[in-house]
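Below is one structure, written out as structure tokens, with a few remarks after it.
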Amino acid sequence: MTKMAEEKVKLPELLTIKQVAKILNVHPTTLRRWDKKGKLKAIRVGTRRGVGERRYHREDIIKLIEK
């Protein structure tokens, strides 16, 4: 695991779109686009119809950083 990835392991299991945007130094709109394209899948919380807020798994963020 890279040094950067090791530091990210201290993150919570699920991260908000704002947290991930800051970590990856991208705009939240970029993350939404990546979700639609399947590059970085988000899960939806807070709704029954899949329209809630996006959350990202820590492990998915680490994998993306290591690429």
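Readers should treat all values here as calculations from the given coordinates under stated rules, not as data from a laboratory. Note that the coordinates shown come from a computational prediction; the quantities given were computed from them, not determined experimentally. Cβ: placed from backbone, ideal geometry, glycine included. Neighbour counts: every protein chain shown.
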_I'd like the GluC sites (Glu not before Pro) in the range 8-67 restricted to DSSP loop residues with at most 16 other Cβ atoms within 10 Å, sorted by number._
Glu13
_Defining a contact as two alpha carbons under 8 Å apart and six or more residues distant in sequence, what relative contact order in percent does the chain show?_
42
*Mind pulling the angle between the C-alpha long axis of helix 28-37 and the longest principal axis of the chain? Nearest 10 degrees, somewhere in 0 to 90.*
80
*Mind computing the radius of gyration and Dmax over the alpha-carbon atoms of the range 3-66? Å is fine for both.*
11.5, 38
